[in-house]
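Remarks on the structure that follows.
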Amino acid sequence: MTIQHHPDIASLMSCAAGSQPEAIAAVVSAHLAMCPECRREICCMEKIGVALFASLAPAPLSCRAPVVAARAREADRDVAQCLVAQGDVPAPLAPVLGACLDGIPWKRLFPGVWQHRVRLSACASGDLRLFKIAPGTKLPEHRHNGEEMTLILRGSYHDKLGTFRTGDIADLDDAVEHGPIADEVEGCICLVAVEGKVRYKGLIARLLQPILGV
Amino acid sequence: MLQVLERGRIRRAPPVTPSRTMADLLQRVAASGDVEAFRKLFQTYAPRVKSYMMRQGTDPNTAEELAQETLLTVWRKAGLYSGEKGSATTWIFTIARNLRIDRLRREVAWQPLPEDHNEKASDDPAPDEELSDRERRDRVQAILGELPQDQSEVVMLSYIEGLSHSEIAERLGLPLGTVKSRMRLAYQKIRDGLEDLR
């Protein structure tokens, strides 16, 4: 797998800082699992946070160190970290999606396009969805709003920006208008994160508009 | 705030407690549940974690609770730490950052990299890794101290105050694109500055 399209440097930095909205952080983490180049980059970016942390003035504590018991010193390795993806779902997503994309309970959105919403934390303001686009389907021209990120998980699509294949990220800003066409043979499955729900509804409406004629 | 280091000053005076010692303390906790080693780690890191949490806008009591919880996580997970993967400070900061996302933002802390991540293909022990990690951090601190104010401001807001790009744009009254380009400019300098240490 040769990855051609990566997240914007600023997006990777925000991920390294742990400051990215949850939905977008999920997409970037999944890309990192597939992209050694970005993993190296993010290692370097994480040093910024550590350097800043190390130079913070310590805040005096009012309590002493808690009493710790040896019995409690058991590594509670997160379940997520133990999961090694068996199928085509990147490891960070496996706890929420399962190991294989074939097991996703798709809901049809409109002809040739299915979606599956990924549940986020109750406080998260963004939106994270999987889309499955039938081979050769062309989405209407649309524009993105603010922070939005797409990761290709299977197949590919092409638009005027190029061809986006498995592992590629489309980190588009609102200046870009595009009408992606899913691969004629494989179609395309992608994970799309946006920062706010309201904006996303706008996108769905625009996507539906030419089809429903509203 | 950031300690501004003058250009050309290659290395700072040795820290009161050398970083290597911190990694040793962590390994003692991992190997034998050394309570005394844990107490020393707590004294060194808990006040910094508290300071970090307060920068997120939490009250001092909550910040202190989160600092306690961070260090208790260090105690529990010490077995997962390996000195080859970076300094004790890097590892403990990662735990604090993830706890901050979980507790203060109430979101899932999608890990940029798993805690047991290691990009190096080699299985050889790397005794100098801890030292070079420290060296890189000093270099990053020096570069951060030299950034123009408009760039260091967005970096601080992102890394220490935990704001997303959109939140930074709103806070500073700037277009989103300007925030991103300042972040990119800052990183370019840091990346260039670390080129010979990579």
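Looking only at residues of region A:19-51 that are within 7 Å of another protein chain (Cβ to nearest Cβ) and part of a loop (DSSP other than H, G, I, E, B), we find that the one that is surrounded by the most Cβ atoms within 10 Å (Cβ to Cβ) is A:GLN20. Residues being within 13 Å of chain B (Cβ to nearest Cβ) and modelled with pLDDT of 90 or more are represented in region A:120-142 by at least one member.
Listed by position, the strands (runs of 3 or more DSSP E) contained in region A:98-176 that have at least 1 residues being among the hydroxyl-bearing types (Ser, Thr, Tyr) are A:148-159, A:162-165.
Just one of the listed residues (B:ALA186, B:ALA169) is crowded, with 19+ Cβ neighbours inside 10 Å, farther than 25 Å from A:ALA57 by Cβ and either within 20 Å of the chain's Cα centre (by Cα) or small (Gly, Ala, Ser) (or both), and it is B:ALA169.
Residues that are touching a residue at least 12 places away in the same chain (Cβ under 8 Å), outside any helix (DSSP H, G or I), closer than 21 Å to A:LEU56 by Cα and of a type outside the set (Val, Ile, Thr) within region B:28-83 comprise B:GLN56, B:GLY57, listed in sequence order. Being buried (at least 18 other Cβ atoms within 10 Å of the Cβ), closer than 30 Å to B:VAL29 by Cβ and at pLDDT below 90 holds for only one residue in A:ALA54, A:ALA65, A:ALA16, and it is A:ALA65. Cβ separations smaller than 6 Å between residues 6+ apart or across chains give the following pairs from region B:171-187 residues that are at the interface with another protein chain (Cβ under 9 Å from one of its Cβ atoms) and under 12 Å from B:LEU157 (Cα atoms) to residues that are crowded, with 17+ Cβ neighbours inside 10 Å and among the small types (Gly, Ala, Ser): B:VAL179/B:ALA169; B:MET183/A:ALA10. With respect to B:LEU174, is the statement that it is assigned to a loop (DSSP other than H, G, I, E, B) and at pLDDT 95 or above true? When the stated conditions are applied, B:LEU174 passes them. A search for C-beta distances below 7 Å between a residue of region A:92-118 that is closer than 27 Å to A:CYS15 by Cβ and any residue that is in a strand (DSSP E or B) and modelled with pLDDT under 90, counting only pairs 6+ apart in sequence or on different chains, returns A:GLN115/A:LEU109.
Take the residues of region B:100-149 that are in a loop (DSSP other than H, G, I, E, B) and modelled with pLDDT of 90 or more: which is nearest to the other protein chains (Cβ to nearest Cβ)? The extreme case among them is B:LEU147.
The one condition from (1) at the interface with chain A (Cβ under 7 Å from one of its Cβ atoms); (2) surrounded by fewer than 20 Cβ atoms within 10 Å (Cβ to Cβ); (3) under 17 Å from the mean Cα position of the chain (by Cα) that B:THR90 does not meet is (2).
Quick one: which of B:SER152, B:SER158, B:SER166 is assigned to a helix (DSSP H, G or I), at the interface with another protein chain (Cβ under 10 Å from one of its Cβ atoms) and farther than 14 Å from A:GLY49 by Cα? After applying the criteria, what remains is B:SER166.
For region B:56-71, the set of residues classified as surrounded by 20 or more Cβ atoms within 10 Å (Cβ to Cβ) and either facing chain A (nearest Cβ under 8 Å) or in contact with a His (Cβ under 7 Å, 6 or more places away or on another chain) (or both) consists of B:ALA63, B:GLU64, B:ALA67, B:LEU71, listed by residue number. Take the conditions (1) modelled with pLDDT of 90 or more; (2) more than 12 Å from every other protein chain (Cβ to nearest Cβ); (3) at negative phi; A:GLY112 misses just one of them, which is (3).
The values are calculated or read from the model by the stated rules, or taken from the named source; none is laboratory data. All values reported here derive from a predicted model rather than from experimental measurement. No Cβ is skipped: glycine too gets one built from the backbone with ideal geometry, and neighbour counts run over all protein chains shown.
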